[in-house]
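One structure is given here, and the rest of the page talks about it.
The values are calculated or read from the model by the stated rules, or taken from the named source; none is laboratory data. Predicted model only: the values in this text are computed from it and were never measured. Cβ: placed from backbone, ideal geometry, glycine included. Neighbour counts: every protein chain shown. The accessibility values were calculated without ligands, DNA or RNA, using every heavy atom of the protein model including side chains. Shrake-Rupley method; radii C 1.70, N 1.55, O 1.52, S 1.80 Å.
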Amino acid sequence: DQTALAALPMPVSLVWGHEDRMMSCGQTEYAPASFERKTIEGAGHMLVEECPDAVTQAMLATVARSVA
């Protein structure tokens, strides 16, 4: 439900692999406008395994937005 997602009180980030063949990164367009979107070039579906540092940085940035 878009309304419920948009009402979430915490920052939300979508991190997507640009080369994901399971779930197209174009699907992020359906998320609420308040969601931050980060697409990682050269990464596919298994981001934690493919680019753990980029995922960690995205998570840290999201947490930082929650305390700012």
**Prompt:** So what's the back-of-envelope 222 nm ellipticity for the chain, counting only DSSP H runs of four-plus at -39500 (n - 2.57) apiece and dividing by all residues, rounded to 500?
**Reply:** -10000 deg cm²/dmol
**Request:** Springs between alpha-carbon atoms under 10 Å, Gaussian network over the chain: tell me which of Ala54, Ala43, Ala33 tops the mean-square fluctuations.
**Result:** Ala33
**Prompt:** Carbon-plus-sulfur fraction of the accessible area of the chain, 1.4 Å probe, in percent?
**Reply:** 60
**Fill in**
Projected onto the charge dipole of the chain (unit charges on the beta-carbon of Lys, Arg, Asp and Glu, signs +1, +1, -1, -1), the Cα from Ile40, Met10, Met59 with the largest positive-side position is that of Met10
**Complete:** Over the chain, with neighbouring protein chains present, the accessible area per residue in Å² at probe 1.4 Å is 71
**Complete:** If amide H atoms are modeled at 1.01 Å from N in the peptide plane, then the residues at a separation of 5 or more from Ala43, or on another chain, having amide H under 5 Å from its own are His18, Glu19
**Prompt:** In debye to the nearest 20, how big a dipole does the chain give about its Cα centre with +1 on each Lys and Arg Cβ and -1 on each Asp and Glu Cβ?
**Reply:** 240
**Asked** Taking the simple approach of a point 7 Å from Cα along Cα-to-Cβ for both Leu14 and Ser66, what is their distance in nm?
**Response** 2.0
